[in-house]
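> Encoded as structure tokens, here's the structure I'll be asking about.
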Amino acid sequence: MILSAYSQTVITGSVRNKQKEPVSFVTVTIQRLGENIIAGFVSSNDDGRFQLTYTGGGDSLLVSVRGMMIEKATRKIPNRSTTLDFTVEEKANQLKEVQVKANPVIRRSDTLSYLVGAFSGQGDRTIEDVLKKMPGIDISSSGTISYNGKAINKFYIEDLDMLGGRYNLATRNIEAKDVASVQIYENHQPIKAESVFSDQAAINLRLKDNSKGIWAFQGLAGFGYKPFLWNAELTAMQFARNRQHISTYKGNNSGHTADEELLKHYDAGATLPYTGSMLSVSQPGIPDVDKKRFTDNRTNSVSVNQLVKVKDTELTTNINFYNERLDKNGYASFTQYLPDASTPLLIEETTSNTTKENNLDVSLGMQQNKQMEYFHNKFDIQSSWNETYTHLVSPDGTNYQHLDQPYFSIGNNLSMMKRTGKHLLRLRFDATYSNRPHLLCVTPAFYIDSLQTVTQEVIQKTINANLCTSYGLTLGDFTLNYTPRLSMNLRKMDSSLTATDKEGNFIPAAESMRNDLWYNSYQIGVDQDYTYKKGNSLRVRLIIPTYLSVISNHDRLASHTVSHSRWIVSPSLTADYNFSPSLKVVTNGYYRKSYGNMSDAYKGYILQSYRNLIRNTSDRLFESSGSGGSLGLEYRDVIRMLFLNIGGGYQHNRKNLLYGYNYEGIVGTKITLDQPTNTDTYSLFAGSSKTLSFWQTKIEASVGMSRSRSELLLQNVLQPFHTRNNTTGAVLNTTPCRYFNLAYQFSWMRSEQWVCDVTLPAMLIHSHNGKIWIFPTEQLSINLNVDYQHFNETGNPNIVFADALIRYTTKQIDWELECNNLFNSRHYVSTVYSGMSTSINTYQLRPFSVLVKTRFKLK
């Protein structure tokens, strides 16, 4: 008997179009030459790649590529393993005069793939521009990405997280034409060894083959007037198989601040770094318009980000620094409605404000993320040296305010996991030290006749450490996790309020104007975590943290120490049920308790701002509790590109102490009432997103309402306080033809608040933004942008802005002519309601300006 043995032949390769772009989800087949039987087939992936295995005989094989949108291509090859790349011609198939196109959104299990080419247009430069057009994806003005109403928990580039939450650096610098697809990982658990489920999604960018492994350099230079404007950028990027890099320098005085790109959206969040000051100076608030309209800045920022993957280990380095000067001018009218007063308190302020910021953040990370084990270590250093100057003019007088806010912190976070069969072991330890020596000077203190200058110093030092170990066990559909933990938070605060009289004599801080205390808290206990998962339909998670909390408050001035201990149990329940792959219901409920805070413990006065003096007058330990829940329905139909979410929530909060203010003239003093107080909040919301293949149109709509009732303490009078807010919004983006794109956004809000028989006038705000792109040629793009806003409770309720841009694109250089504030609007007025008070703010805007920019590539 003769035995025939065939070796295994492996054919790998790629499918691209004539523009060198990957062609995904087409069929690749293999067969023996001279036979009509298909021996094997696969589909190309998001990168256009494929791999075929053949175990038959024969000297020659035929490999074919076919699909609805391409011409069939066939290659004859020898029967041996090789690499085979296809370049195919695209076509549009017509069936009964209906043009068939590839689905721009494809689902595979919990992964959605958006084909970038199906959503991008001539006016889209970065991948952020295209993300805004994709169904189910929303991007806020700060750059936060949400999927079906929830913020994402990870942002990857080729499945690597280099930026650690600062993904604006990627979305606002990576060009759309370099990205093949955007993937959504639904129910994403970033730690592979972890057994706890997640209801958040992650985003992953799949790059085109011709954008991988190469260094890409981009630069920008711009000059303009009025006043003299400049803009400069330099970006270097590389995305290789085991190495990624993004470095940027950006500088300008044209209204773009550093935090626009350096904002951290997850992994501790917030801008870098957060100084946490108890002190403040008077300055105009932040109006609800594009920053470039009111920001008078001089900004320089540098960001260096590197990821190197060595086998299974990822090493990351992130260095971010910015130097910035911000000048703001404005007018504020603050009206506080007081009980039993015939005339409300009116405070008027005209301010000129200058802020100088220098911020540095250095992060070094190491991670191994495997199916059976996990290791992560992150070392952080943050430092800032910031100061703010304010010149204030009011009917009561003129003063100068100076706030110095240096900050330094250093910390390390270590996390490890090991899975063995059904068992999971965890260990986590983190420690942080921070120092905030802040100083506020006010000259003159015109509300105290005998004083020329008052100086408030507050020094806060904190040591925080957490240690926990965990054991997990999986039993069928159930997962049990028990986490013993120990934590401590040591906080030291020194403060003194000193003064100088008009003769120049120094007045030291009186005993009542000083604080010197150690406020330490310790917690020891166990977190219980129970998860039930039934297939892909039902998931339930119950968490029961149970621990003993001990607080020690040592007042060194009074040589007095008070200790408190409490048992705290804070259960929470999360569940979701999938009726189908498209329809899911999500619910959660919680109960939380907390005790004590240093901000509620000090007894000496602190000058929080030039007209707010605060201290605590109660000896009782501050205690609060909260409970609530929510119920939501989520629907996502990939084929129809329809996303819906609707839900509601309720929250109840209870505190044993009630805080308020007493006003004597313009000076407000914090008071404490030893009485429990409750706050109840109700909310409803609904949102939808639909993309139509007709005219490449995306439509979004949202509606929401909230109600709250609480208590308000003013002038030692306790009153029931109510608020009511209603909102709605809509977004439209459509491209009826190659030569035209229209984007429109609308928002509307009505806000009310009242106490007893006093009701403030309802505040009504609505805004409209329209953008028109015209494309006379493939190189020329013209944009017109119009903003309209209406505030009913202002003297000038209507304001209109308009901008224009002309862009001419060549292969290596883009030229832009940017014209801002065409109508030369000089002031912006807005209204804010809070605690039976009304703030009407007038901001000075940047004048009409022209900026010429050139963007060039070096690669």
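The values are calculated or read from the model by the stated rules, or taken from the named source; none is laboratory data. On a predicted model such as this, the values are computed, not experimentally measured, just so you know. Cβ: placed from backbone, ideal geometry, glycine included. Neighbour counts: every protein chain shown. To get the accessible areas, we keep the full protein, side chains included, count just its heavy atoms, and leave off ligands, DNA and RNA. Shrake-Rupley method; radii C 1.70, N 1.55, O 1.52, S 1.80 Å.
> Going by the structure shown, is Ile246 buried (at least 19 other Cβ atoms within 10 Å of the Cβ), outside the structural domain of His423 (by TED's automatic domain parsing) and hydrophobic (A, V, I, L, M, F, W, C)?
Here the answer is no, as Ile246 does not meet what is asked.
> Considering only residues that are surrounded by 16 or more Cβ atoms within 10 Å (Cβ to Cβ) and outside any strand (DSSP E or B), which ones fall in the stretch 630-671?
Residues satisfying the conditions are Val638, Met641, Asn656, Leu657, Ile666.
> Can you pull out the residues in the stretch 196-222 that are within 21 Å of Gln19 (Cβ to Cβ) and not in a strand (DSSP E or B)?
Passing the criteria: Lys208, Asp209, Asn210, Ser211, Lys212, Gly213, Ile214.
> Which numbered condition trips up Leu451, out of (1) under 32 Å from the mean Cα position of the chain (by Cα); (2) within 30 Å of Asn399 (Cβ to Cβ)?
So Leu451 meets the others, but not (1).
> Tell me which residues, restricted to the stretch 54-69, are more than 30 Å from Pro104 (Cβ to Cβ), modelled with pLDDT of 80 or more and open to solvent by 50 Å² or more (accessible area, probe 1.4 Å).
If the condition is that a residue be more than 30 Å from Pro104 (Cβ to Cβ), modelled with pLDDT of 80 or more and open to solvent by 50 Å² or more (accessible area, probe 1.4 Å), then Asp59 is the only one that fits.
> Those residues that are at negative phi and open to solvent by 50 Å² or more (accessible area, probe 1.4 Å), I need them from the stretch 480-509; list them, please.
Hits for the stretch 480-509 are Tyr482, Pro484, Arg485, Leu486, Met488, Arg491, Lys502, Glu503, Asn505, Phe506, Ile507, Pro508.
> Something else now. Test each condition in (1) farther than 30 Å from Gly687 by Cβ; (2) in contact with a Pro (Cβ under 9 Å, 6 or more places away or on another chain); (3) not polar (S, T, N, Q) for Glu752 and report the one that comes out false.
Result: Glu752 passes all but (1).
> Here is a further query. Has the stretch 429-446 got at least one residue that is under 23 Å from Ile543 (Cα atoms) and of a type in the set (S, T, N, Q)?
no
> Quickly run through the stretch 510-526 and pick out the residues that are open to solvent by 90 Å² or more (accessible area, probe 1.4 Å) and either of a type in the set (S, T, N, Q) or in contact with a Phe, Trp or Tyr (Cβ under 7 Å, 6 or more places away or on another chain) (or both).
Ile524
Every residue, every condition in (1) part of a strand (DSSP E or B); (2) open to solvent by less than 40 Å² (accessible area, probe 1.4 Å), yes or no:
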{"site": "Pro339", "(1), (2)": "no, yes"}
{"site": "Asn358", "(1), (2)": "yes, yes"}
{"site": "Glu387", "(1), (2)": "yes, no"}
{"site": "Leu392", "(1), (2)": "yes, yes"}
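> Name every residue in the stretch 456-512 that is closer than 30 Å to Val281 by Cβ, of a type in the set (Gly, Ala, Ser) and in a strand (DSSP E or B), in order of residue number.
Ser495, Ser496, Ala499
> Let me ask something else about it. In the stretch 561-590, which residues are within 12 Å of Leu633 (Cβ to Cβ) and under 30 Å from the mean Cα position of the chain (by Cα)?
Within the stretch 561-590, Asp576, Tyr577, Asn578, Ser582, Leu583, Lys584, Val585, Val586, Thr587 meet the criteria.
> So, in the stretch 25-46, of the ones that are of a type in the set (A, V, I, L, M, F, W, C) and under 51 Å from the mean Cα position of the chain (by Cα), which residue ends up surrounded by the most Cβ atoms within 10 Å (Cβ to Cβ)?
Val28
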